[in-house]
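This report refers to the structure that appears directly beneath it.
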Amino acid sequence: MVGVVWFRRDLRLADNFTIQRAFAECKSVYGIFVMDPVVLRRAGSRRLSYLLGALSDLKEQMQDRLIVAYGDPAKVLLDLCDSVEAKSVYVSGDVSHYSKWRDQRVREALLGRSIAFIEVDYPTTFPLGSIKKGDGSYYQVFTPYYRAWSNLLPNLAVAKRLEFRWSHLSHQGGYPTYLSEVVPDPLAGETKEHRRLEEFCTSKIDRYESERDLPAKDSTSRLSAALHFGVLHPRTVVAHVDPFRHERFLSEICWRDFYAETLNQFPQSSWMNLNKAFDAMETESSDSDAYERWVKGETGFPIVDAGMRQLASEGYMHNRVRMITASFLVKDLHIHWTAGARYFFSALVDGDVASNSHGWQWVAGTGRDAAPYYRIFNPVAQSKKFDPNGDYIRRYVLELREVPDSYIHEPWLYDRFDTLGYPYPMVDHQKERAEALFRFEATKRRPS
């Protein structure tokens, strides 16, 4: 029998049960990645760069036998299956609303030709839906979910990498023309991300818990893009970590699974409040000068501006700063979290629907096991606590690089502030904090 492995968010050969299943059941297997125009137009240039780098690495590992095609996945896969007489298509599942809709279309199209659509794996440590309470219901709170998740770790099964001979097509497809301007990320791909993982586990993970909230420190794994694209599976990462010594790091992997599980159960939560009580909250329009200043990193609050400028220049933002910038948009500017989530999703290399949208919902107080709405980050206090010397700020806000440490968090107090070319704070945080709480209380008083 002939089979096709449709690569999506599993751009790797190691720890890939989908590949193993396909080769176990088929004598001839073709591998394909479909450049879906719907997905491509939502991705910023840096995410596209990472994708091209990961595909280049995968193609090299497959001895140039990866087929890359552009177009509607249903049509592309039908054409391939017809040309090679394939009877089954193997995939690793996904959780986003669009991916489920897309897969249903493909499944129905293949079924019309008597071709099986076989889901084998998911981009979570354990299969989606496998972690439940004793009564069979899903966890609503992270901590008990994490305990149940941790209890399964001794039985975690990682798929060994096996060498398979992929079938070859003389015509391998290609990229859309406009992607010719995108330079593949030379650091992307399974080969290099395995090295990054090894380096993190040998030289950084011991200081992760104490330094993970300090954006100036190089103490985080920077594996988020690899996990999003499936260049590394979370099983692989977890298998490298001592659960007794590095529980904090494992809990962050578990948060990704918790959010994926939440999105799997509530697909509409990608861009809608999970807690519907917040639907009545008054918000400001994102079609505003305030929103544009936030995007450009011109708010006048150094830690916020550093984060937004890092995102614009690198397609990445430190997690602590993601929370600070998100809180500022939602609770100082009173703009709905979805506006920020959409911008982050387009700009981040690791733009992941589940982690991104539910991270924003956590800050906004609208999600599952979210922070209380009244937890409002003070950008100055956060800056002083997590970037005490201003090293992170100076790295990205060049106007402030010569400002003394004593003024770096509140440069408007510096006697030479007017010569810096940096804006005054666009809002009074204490006033906007009070306004946010007023809106929250007003929402609670409105009839549901």
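The values are calculated or read from the model by the stated rules, or taken from the named source; none is laboratory data. Note that the coordinates shown come from a computational prediction; the quantities given were computed from them, not determined experimentally. Because the Cβ atoms are built from the backbone with ideal geometry, glycine has one as well, and the counts that use them run over all protein chains shown.
Consider Asn275 carefully, then state whether it is over 12 Å from Tyr145 (Cβ atoms), touching a residue at least 40 places away in the same chain (Cβ under 8 Å) and either in contact with a strand residue (DSSP E or B) (Cβ under 6 Å, 6 or more places away or on another chain) or surrounded by fewer than 16 Cβ atoms within 10 Å (Cβ to Cβ) (or both). Lay out the reasoning, then the answer.
Values: over 12 Å from Tyr145 (Cβ atoms): yes; touching a residue at least 40 places away in the same chain (Cβ under 8 Å): yes; either in contact with a strand residue (DSSP E or B) (Cβ under 6 Å, 6 or more places away or on another chain) or surrounded by fewer than 16 Cβ atoms within 10 Å (Cβ to Cβ) (or both): yes.
In short, yes.
Looking only at segment 1-19, count every residue that is more than 23 Å from Pro184 (Cβ to Cβ), among the hydrophobic types (A, V, I, L, M, F, W, C) and either in contact with a Phe, Trp or Tyr (Cβ under 7 Å, 6 or more places away or on another chain) or not in a strand (DSSP E or B) (or both) and tell me the total.
Looking only at that region, the number is 3.
If you go through segment 367-425, how many residues are of a type in the set (Val, Ile, Thr), under 25 Å from Asp218 (Cβ atoms) and touching a residue at least 24 places away in the same chain (Cβ under 8 Å)? Outline the logic, then answer.
Step one: of segment 367-425, the residues of a type in the set (Val, Ile, Thr) are 376, 380, 393, 397, 403, 408, 419.
After this cut, where a residue has to be under 25 Å from Asp218 (Cβ atoms) as well, the list is 380, 393, 397, 403, 408.
Now drop any that are not touching a residue at least 24 places away in the same chain (Cβ under 8 Å), which leaves 380, 393, 397, 408.
Of the residues in segment 367-425, 4 are of a type in the set (Val, Ile, Thr), under 25 Å from Asp218 (Cβ atoms) and touching a residue at least 24 places away in the same chain (Cβ under 8 Å).
Go through Tyr50, Tyr30, Tyr90, Tyr70 for me and flag whichever is aromatic (Phe, Trp, Tyr) and closer than 25 Å to Leu223 by Cα.
Details: Tyr30 fails: closer than 25 Å to Leu223 by Cα; Tyr90 fails: closer than 25 Å to Leu223 by Cα; Tyr70 fails: closer than 25 Å to Leu223 by Cα.
None of the other options fit; the residue is Tyr50.
Checking Glu193 against (1) in contact (Cβ under 8 Å) with a residue 40 or more places away in the chain; (2) crowded, with 20+ Cβ neighbours inside 10 Å; (3) closer than 26 Å to Glu60 by Cβ: exactly one of these is not met. Which one?
Against the list (1) in contact (Cβ under 8 Å) with a residue 40 or more places away in the chain; (2) crowded, with 20+ Cβ neighbours inside 10 Å; (3) closer than 26 Å to Glu60 by Cβ, Glu193 comes up short only on (1).
With respect to Leu263, determine if the residue is surrounded by 19 or more Cβ atoms within 10 Å (Cβ to Cβ), in contact with a His (Cβ under 9 Å, 6 or more places away or on another chain), among the hydrophobic types (A, V, I, L, M, F, W, C) and not in a helix (DSSP H, G or I). Steps first, answer last, please.
Values: surrounded by 19 or more Cβ atoms within 10 Å (Cβ to Cβ): yes; in contact with a His (Cβ under 9 Å, 6 or more places away or on another chain): yes; among the hydrophobic types (A, V, I, L, M, F, W, C): yes; not in a helix (DSSP H, G or I): no.
Criteria not met by Leu263.
So the check is Cβ under 7 Å with 6+ separation or different chains; which pairs have a first residue in segment 225-251 that's among the aromatic types (Phe, Trp, Tyr) and a second one that's surrounded by fewer than 20 Cβ atoms within 10 Å (Cβ to Cβ) and assigned to a helix (DSSP H, G or I)?
Phe249/Tyr208
For segment 402-424, give me each residue that is of a type in the set (A, V, I, L, M), surrounded by 12 or more Cβ atoms within 10 Å (Cβ to Cβ) and part of a helix (DSSP H, G or I).
So the first thing to find is which residues in segment 402-424 are of a type in the set (A, V, I, L, M), and the list is 403, 408, 413, 420.
Filter again for surrounded by 12 or more Cβ atoms within 10 Å (Cβ to Cβ), leaving 403, 408, 420.
None - no residue of segment 402-424 is of a type in the set (A, V, I, L, M), surrounded by 12 or more Cβ atoms within 10 Å (Cβ to Cβ) and part of a helix (DSSP H, G or I), so the list stays empty.
With the requirement that a residue be part of a loop (DSSP other than H, G, I, E, B) and within 28 Å of Asp405 (Cα to Cα), what does segment 272-327 give you?
Within segment 272-327, the subset part of a loop (DSSP other than H, G, I, E, B) is 272-275, 281-283, 285-288, 297-301, 315-318.
Result: Gly297, Glu298, Thr299, Gly300, Phe301, Gly315, Tyr316, Met317, His318.
Inspect all residues belonging to segment 179-189 and state whether any of them is of a type outside the set (Lys, Arg), within 30 Å of Phe386 (Cβ to Cβ) and out of contact with any Gly (no Cβ under 6 Å at 6 or more places or on another chain). If you could, list the steps in order and put the result at the bottom.
The initial filter retains those residues of segment 179-189 that are of a type outside the set (Lys, Arg), namely 179-189.
Within this subset, residues satisfying the condition of being within 30 Å of Phe386 (Cβ to Cβ) are 185, 187-188.
Next cut, out of contact with any Gly (no Cβ under 6 Å at 6 or more places or on another chain) only: 187.
Yes: one or more hits.
How many residues does segment 281-302 hold that are surrounded by 14 or more Cβ atoms within 10 Å (Cβ to Cβ) and among the small types (Gly, Ala, Ser)?
Qualifying residue count, segment 281-302: 4.
Return only the number of the condition from (1) of a type in the set (D, E, K, R); (2) part of a loop (DSSP other than H, G, I, E, B); (3) under 18 Å from Trp294 (Cβ atoms) that Glu399 does not satisfy.
Glu399 satisfies every listed condition except (2).
Quick check on segment 236-246. Is at least one of its residues aliphatic (A, V, I, L, M) and in contact with a Gly (Cβ under 7 Å, 6 or more places away or on another chain)? Spell out how you get there, then give the answer.
First, the residues of segment 236-246 that are aliphatic (A, V, I, L, M): 237-239, 241.
Retained after the next criterion (residues that are in contact with a Gly (Cβ under 7 Å, 6 or more places away or on another chain)): none.
The answer is no, given that none of the residues of segment 236-246 is aliphatic (A, V, I, L, M) and in contact with a Gly (Cβ under 7 Å, 6 or more places away or on another chain).
So which helices (runs of 4 or more DSSP H) are wholly in segment 20-102 and hold at least 3 residues that are more than 19 Å from the chain's Cα centre (by Cα) and at pLDDT 95 or above? Don't jump to the end; show me each part of the working.
Details: elements: 37-40, 45-61, 73-84.
Ranges flagged: 45-61, 73-84.
Would you check if Tyr50 is touching a residue at least 12 places away in the same chain (Cβ under 8 Å), within 20 Å of Ala225 (Cα to Cα), of a type in the set (Phe, Trp, Tyr) and buried (at least 22 other Cβ atoms within 10 Å of the Cβ)?
Values: touching a residue at least 12 places away in the same chain (Cβ under 8 Å): yes; within 20 Å of Ala225 (Cα to Cα): yes; of a type in the set (Phe, Trp, Tyr): yes; buried (at least 22 other Cβ atoms within 10 Å of the Cβ): yes.
Taking the combined requirement at face value, the residue satisfies it.
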